[in-house]
Amino acid sequence: MSERKLHPAVAGAQPMYRAENDPDAPLFEGAYKQRFDDILTRYPDKRAAILPVLAMCQELRGWISSETIERVAELLDLTPAYVLSITSFYTMFRPQPVGKYLIQVCTSIGCDLCGAENVVEKLLAATGTRTGEISEDGLYTVIEVECLGACGFATVVQVNERVYESVKTETVTRLLEELR
Amino acid sequence: MADASSTQKVTIDGHEVMVPPGTTILDAAERVGVVLPRYCYHPGLSAPALCRMCLVEVEGAPKLLPSCVQQVQDDMVVHTTSADARKARRAVIEFLLVNHPLDCPICDAAGQCELQDYAFETGQLHTRVTDPKMVLGRDNVTPEIVYFGDRCILCTRCVRFMDEVAQEPVLQVVQRGHKGYIDTMTGDLFEHAFSMNIVDVCPVGALVNEDFLFKARAWDLDQAPSICPGCSQGCNISLGTKENQIRRAKPRPNMEVNSYWMCDEGRKTVVNWGSGDRLEVPMLKGDSLLPVDWQRALSALTEALRGEPGAARGVASAGASNEALYILRRLMEVAGFDGGYFAVPMAEEHVLAGFPKLALRSERVPNARGAELFGFERSDDPYAEVASHTGALFVLDDPLDGAPEGFGASAAIFVYLGTRLSPAARRADIVIPVTTFAEMEGTFTNFQGRVQRFAPALQPPGLARPLWMSGSATLERLGTGSAYRSAAETFAALAGDYEEFDGLTYESIGPGGSLIASARTQTARAG
Amino acid sequence: MAYPHSHPRETRILSEHFGEIEATTLDGWIERGGYKAVEKALGSMSREQVIEVVKESGLRGRGGAGFPTGLKWSFMPKDDTLPHYLVCNADESEPGTFKDREIMRWTPHQLLEGCIIGSYAIGASHCYIYIRGEFVDVIPVVNQAVVDAYSRGYLGRDILGSGYSLELTVHLGAGAYIAGEETGMLNSLEGRRAEPRIKPPFPAAKGAFGMPTTVNNVESLAVVPHIVTNGGDWYRQWGTEKSSGTKLFSCCGHLQKPGTYEIAMDFNLKDLLYDLCGGPPEGREFKAVIPGGSSVPILAADELDAECSYEGLEAAGSMVGSGGLIAMDDSTNMVHAVRRMVEFYAHESCGQCTQCREGTYWAAKILRRIERGGGREEDIPLLLDISANMAGKTICVLSDSAAAPIVSSIQKFQDDYMALIAKGQHAAVGT
Ligand SMILES: Cc1cc2nc3c(=O)[nH]c(=O)nc-3n(C[C@H](O)[C@H](O)[C@H](O)COP(=O)(O)O)c2cc1C
Ligand code: SF4
Ligand code: SF4
Ligand code: FES
Ligand code: FES
C-alpha cells in the first residue's frame, strides 16, 4: 500500500490491479481520503473524478461492487445508475471478484498472428480454469482482452500491474511460477 | 423577428422554402410537408444524432448528413429520397432488425411503432439476418413500466427524458456497443411523478405501461384533443377512447403549458373518467324523485325561478367548464345571486425540473381560476356556506359526498345539476343531468389564466346534456336570454359579459389556448 | 537506438534515446539536452511564434487523421478569457499501434516538453495526459517524470520565471478504444461514457468542460520540442512536401524483427518491411500488410512498393493512419484475421450509431460462421453491402474502420473466403 504521499498531479493515476487487494477494505480513509480530495482539485467538475475514483476503489478492493457504486455515486453527486453506466462501459472495471492474479491475454490481431490463442489455452490448462473463472486456490483468473498496445512484443500478457512481453506457450509455466 | 434578409433559401425535394438561420433540415422539410423518419430525435429533447435514420443527401456534401442536427445554409439543395438516402434508411432499419424479435403481433406498440412504420414503408419485414439473435428479456423499470430489451433500439430518448427533463438521471445505457441496454441500477425501480413520459417518447414498444399492456391495441383507440382535468395546470392531452370509455391520455404539445409532457397522476385520473353509475335523466321531486322528460324538467326549473324562491346560493365544482359556470351564474342571478362556493382539493405539488412551467399543481382541479372569474369563492367548507340557506340552492357537478345531514332541507328550492345521484343529491327538488368534460365541448381556465378548449371524446350517457344547453334553454324560457346552439356561442356570450374574456372566441383561442386579459397584461409587463 | 531493434537507415529524432534507461530520468534527460526547447519557447517566443514554427514544419497529427498540428493550434481562440485545455491523447489502443508507448516509457520528458510547449502555444492553463489504463508499466514512468518536472519548476506556477503557469494532470482511461477518438476522449475526461460527440461544435470552440480545447497525439506533441529547437525548415529536410519529417512505425505480426522504427516519411514500405523489420519469418512470404493500424485498408503483397508518406500510402490504396504496421505472412487465413479485427470493433463500438453498433456485430457473426465452415456464397455480397452501409454514415469513423478490412480483404483475398465456403459445403454434403 502506498502510504507515501502522492503528488496531486498523479494521485488519480495509479495502477488499479493489485494482488494485495481486500474486498472489505474501507474506502476513502486515510491516504485514500487524501487522494480522493487531491483528485477533486484537478478537475473543474466533480463528475470528471469518476474514473480515477472508481480506479482507486478497484485498486483497494479488486472489483467494483454495487456497494462501491453507491458510495461513489453519493460522493460525486451522481445517481447509482449513472455510475453503473460508467463501470459497465469501461472494461477495466471488474463487475465481480477475480483471482489474486488477473491474467489478461491480448488476442487482438497482432498477438493473434503470433499464437495468442495457444497461450490462452496453455494458461487455462495450467491454472485449471475456464475463461473468467477464479482458480480453486483463488490465485488466478485468465481472460482474453483486446490490444494492450504492445503488439510488437506478442503475445502480450498483463498480470495485475505487470506486463509480460513476448510470451510463448513454452514460457507460460515459468510465468506462472514467477508469480507465486 | 427574422427579417427577410436573415432568412435562408433551401430547396427540399424540389420545394423551395425560406427559413430562419439555425433551422435544421428536418424542421425545414416539415415546412414543405416532408416528414423525415427519425428515431433518436424528439423535439422536446437534445439531439444526439445517433440513430442515423434521418440522413439526407445535400448537394455538395461528401457524405449524407443527419437532418435532425444539420442546420440549413442559404441555397442548400436537399434530397430526402435520393437513391443513397433511401438505401441508408433501409440499411438502418435492417440493422435494427438484426436483433429485433419481430414480435409485432403481440407488441403493445404495434400500430404506433416507428420501426414497424418505416419497415413497412421500405418494404422489408423479412430480413437477410439468419444468424441467431441475442435475447435480453423483460424487466420492470418502475412499478408500472416494463422494459423489453429485445425491442429497444437504443435511441436514448428515455434516458434523455429522465436526464434532461425529469433531471433525475436514473435511466442509463448500461454496457456498450451491441450489448447495450437501458437500466436503472440493476434491479432498482424508480418512481417519478412524470415517469410515464418515457413510454410516450419510446419510438418502439420497448417501454410499456403495464396497465395498458395487452388491454387495447393502439389502433383500436379513437382520439380526441382535450385538457387534463387533474389539476390547475391544464395539460393539453389527447384522450384515447374505446367503447365509449377513456382508456388512456397522452400529452399533446403546447410549449406554453406542458411542452410534450404530462404527469402520471393525470393519466391515471382520466382513465374511465365519468364511467360507472351515472345520472342519465332529469328528475323531479313529487312524492319521491321520479324521471321526467326534458320538457317537464325545464318547465319545472323555469317555474321555480319565476316563483321568487329567494336569493340563490350555490356550490359548484371547480371541475366544471367556464361555460357551465357562466350559465349557472346566470341561472342564479335570476333569483338574485347571493354567493357561490367551491372547494379546491389540495395535494403535493410536483414540478417538472427540466420544464418548470409544468407542475402537477397542488390545486387538483382544472378550473378554479375560471370559477373565481364568475364570482364563485373558494371555501374550505362550501357545504357549510349554503347548508342552512333558505332561498334557492344550486349545486353544480359536486356529488355532495360528505355534505352534512339535512343538506338543502331548509332551501325554498334545491336544484341539483350533476353527473351522479348521491344520497344527499336525492333530496333535490329538481335534478338536471349534465355531462363531464369528456362528453362535451368546452373550456377551462388554468392557473395562469389561460383559457383552453377541449373537444368531446365520449357520447353522453342517456339524456345527459351539457349545462350550457339545458341552462340556456331555461334562460330563454325565463325571457332573460336566448338558447345557445353551441358551446362556442355560449362562450361568445360569456366573453361579452365578462371583461376578462373580452375579445376571446373559440376561434381565437385555437388549439393553443389564450390568456385572459389580466394575465395578458401581466405577462406583457413581465416580458 | 530504436527499440528493441535499430537500423542505420532510420532517422532518429524521437527515438534517439529509446532503450536508454537514464533518459527516463529528469537529470538524464537534461544531460541529453532536454528542456532547452521549453526554455526557448517560454523564454523567447510568443504563442504565435510557436504556432508559426510548427506550421512551417508541416507537422501533421500522428494520431491517425494527419491534420496539420500548427493549423489546429491556430483555431484556438486568442483573446478570450475562458480557460483553455490541452489534452494529450495517449490512449493508443488501435491494434498494431505501440509507438506512443515507446515514447512514454523511454522518453517521458520528451512528451512533457511537448505538452508544455503545446499548452503554451494554445494558451492552456491545464494539460491532461489521457493515458489508457492498461499501460500499467508506462504510467509509473510518466508519473515520475511529471512529479520531477513539477519539483524543478517545469510545471506549476510561473514556469522558469516566464510568467506562464501550467498545471498538468495524468488521467487514466479504464478500457475503451473509443476514448481515443478525440471527442470520445473529451467525454471520458469529463467523467462520461467515451461516446464521440457530433461536430460541430469542434473542440477548439467547445471541448473539455465546454471550454476551448486541443487534442493532440503523443507523437505529435513529442516532436514539437525538436521543431522549436531546430526550426521548421530543419524538420522539412525529411519526407515530402505534404508529409514532412519522420514518423514512428510500430511494426508487428509476422516479422523477423518487430518493433518501433523511425523513418523519414518518404521511406519505402518494402524497405521498412524487408530491411528494417528483417522480412517475414524464415521460409515465409508476406501475404498482406496493414501499414497504419487495423483501421486502414489491407495491402496485398504486390502493393508494398510504396512511399510511407500520407499521399504515398493513399496512392497505394491504404493510409498512414497511426503507423501501426501489421504484417501477415502466407500462413495467414485472411478470413480469420479479418474476423479478429472486426470482433475488435464490435467489442469497442460505443454503440451510439445504429450502423456501427449492429453492423460490427452482424459482420463479425457472419465472419465467424464462414470461418467455422458455415459460409454461403451469398455471404460475400452481403458482407460487402453491410460494409457499404456502415461506411460514411456515423458520428465517428470507427464504423468505417470496421468496414475497411472487410472490403479490402474481399477485394484482395476472396480466395480465402471461397475456400472456406467450399470446404464448409463439402463437409455439409459429406455428413
Ligand atoms: C475510433 C478512433 C480511435 C482513435 N484512437 C486514437 C488513439 O488511440 N490515439 C490518438 O492519438 N488518436 C486516436 N484517434 C484520433 C483522434 O481522434 C484525433 O484525431 C487525434 O488524437 C488528434 O491528434 P493529432 O492531431 O495529434 O493526431 C482515434 C480516432 C478514432 C476515430
Ligand atoms: S427503451 Fe425506447 S426510448 Fe428508451 S432507448 Fe430503447 S427504444 Fe429508445
Ligand atoms: S461510429 Fe461507432 S464508435 Fe463511432 S460514435 Fe458511432 S457507434 Fe460510436
Ligand atoms: S495486438 Fe496484442 S498488444 Fe496489440
Ligand atoms: S433522428 Fe437524426 S440521427 Fe436520429
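The values are calculated or read from the model by the stated rules, or taken from the named source; none is laboratory data. This structure is a prediction, so every number in the text was calculated from the model and none was measured. With ideal geometry, Cβ positions are generated from the backbone for all residues, glycine too; neighbour counts draw on all protein chains shown. Calculation scope for accessible area: heavy atoms of the full protein, side chains included, ligands and nucleic acids excluded. Shrake-Rupley method; radii C 1.70, N 1.55, O 1.52, S 1.80 Å.
Entry remark, segment B:237-268: residues being among the polar types (S, T, N, Q), open to solvent by 10 Å² or more (accessible area, probe 1.4 Å) and not in a strand (DSSP E or B) number 1 in total.
Within segment B:70-94, the set of residues being surrounded by 18 or more Cβ atoms within 10 Å (Cβ to Cβ) and among the β-branched types (Val, Ile, Thr) comprises B:VAL72, B:VAL78, B:THR80, B:VAL92, B:ILE93. Identify the single condition in (1) closer than 29 Å to C:ALA194 by Cα; (2) away from ligand 3 (no atom under 16 Å from the Cβ); (3) outside any loop (DSSP other than H, G, I, E, B) that B:TRP219 does not satisfy, given that it satisfies every other one. The failed condition is (1). As for segment B:498-519, it holds no residue that is part of a loop (DSSP other than H, G, I, E, B), among the small types (Gly, Ala, Ser), within 30 Å of B:GLY307 (Cα to Cα) and at pLDDT 95 or above. Counting only residues that are of a type outside the set (D, E, K, R) and away from ligand 4 (no atom under 16 Å from the Cβ), how many does segment A:96-136 have? So the count comes out to 16. Inspection of segment C:274-283 identifies at least one residue that is crowded, with 24+ Cβ neighbours inside 10 Å, at pLDDT 95 or above, of a type outside the set (Phe, Trp, Tyr) and within 24 Å of C:THR11 (Cα to Cα). Only helices (runs of 4 or more DSSP H) whose full extent lies in segment C:305-386 are considered here, and the ones with at least 2 residues that are within 16 Å of ligand 2 (Cβ to nearest atom) and touching a helix residue (DSSP H, G or I) at 6+ places or on another chain (Cβ under 6 Å) are C:354-369. Filter segment A:137-172 for residues that are within 16 Å of ligand 3 (Cβ to nearest atom) and more than 22 Å from C:ARG339 (Cβ to Cβ) and give the result. Of everything in segment A:137-172, nothing turns out to be within 16 Å of ligand 3 (Cβ to nearest atom) and more than 22 Å from C:ARG339 (Cβ to Cβ). Restricting segment C:157-171 to residues that are closer than 27 Å to C:PHE75 by Cβ and of a type outside the set (Ser, Thr, Tyr) leaves a set whose member that is nearest to ligand 3 (Cβ to nearest atom) is C:HIS171.
Taking the criterion of being small (Gly, Ala, Ser), away from chain A (no Cβ under 13 Å) and farther than 20 Å from B:CYS40 by Cα, the only residue of segment B:159-214 that qualifies is B:ALA193. Contact map, segment C:409-422: first residue in the same structural domain as C:LEU299 (by TED's automatic domain parsing), second residue open to solvent by 10 Å² or more (accessible area, probe 1.4 Å) and outside any helix (DSSP H, G or I), Cβ cut-off under 9 Å, separation 6 or more or different chains; the map is empty.
One residue alone among B:ALA61, B:ALA29 is away from ligand 3 (no atom under 16 Å from the Cβ) and not in a loop (DSSP other than H, G, I, E, B), and that residue is B:ALA29.
Checking B:GLY314, B:GLY310, B:GLY234, B:GLY230 one by one, the residue that is part of a loop (DSSP other than H, G, I, E, B), closer than 30 Å to B:ALA409 by Cα and either in contact (Cβ under 8 Å) with a residue 24 or more places away in the chain or not polar (S, T, N, Q) (or both) is B:GLY310 and no other. Just so you know, in segment A:14-49 the residues that are within 10 Å of another protein chain (Cβ to nearest Cβ), assigned to a helix (DSSP H, G or I) and in contact with an Asp or Glu (Cβ under 9 Å, 6 or more places away or on another chain) include one that is surrounded by the most Cβ atoms within 10 Å (Cβ to Cβ), and it is A:ALA48.
Among the residues of segment B:155-179, write down those that are free of Cβ contacts under 8 Å to residues at least 60 places away in the same chain and within 16 Å of ligand 5 (Cβ to nearest atom). Listed by number, the residues that qualify are B:CYS158, B:VAL159, B:VAL173.
Show me the strands (runs of 3 or more DSSP E) found entirely inside segment B:402-490 where at least 3 residues are open to solvent by less than 30 Å² (accessible area, probe 1.4 Å) and touching a Lys or Arg at 6+ places or on another chain (Cβ under 9 Å). By residue number, B:430-433, B:442-445.
Residue count for segment C:154-179 satisfying the condition of being in a helix (DSSP H, G or I) and either at the interface with chain A (Cβ under 7 Å from one of its Cβ atoms) or within 16 Å of ligand 1 (Cβ to nearest atom) (or both): 3. With respect to the conditions (1) away from ligand 2 (no atom under 16 Å from the Cβ); (2) under 22 Å from B:LEU96 (Cα atoms), B:GLN70 falls short on a single one, namely (2).
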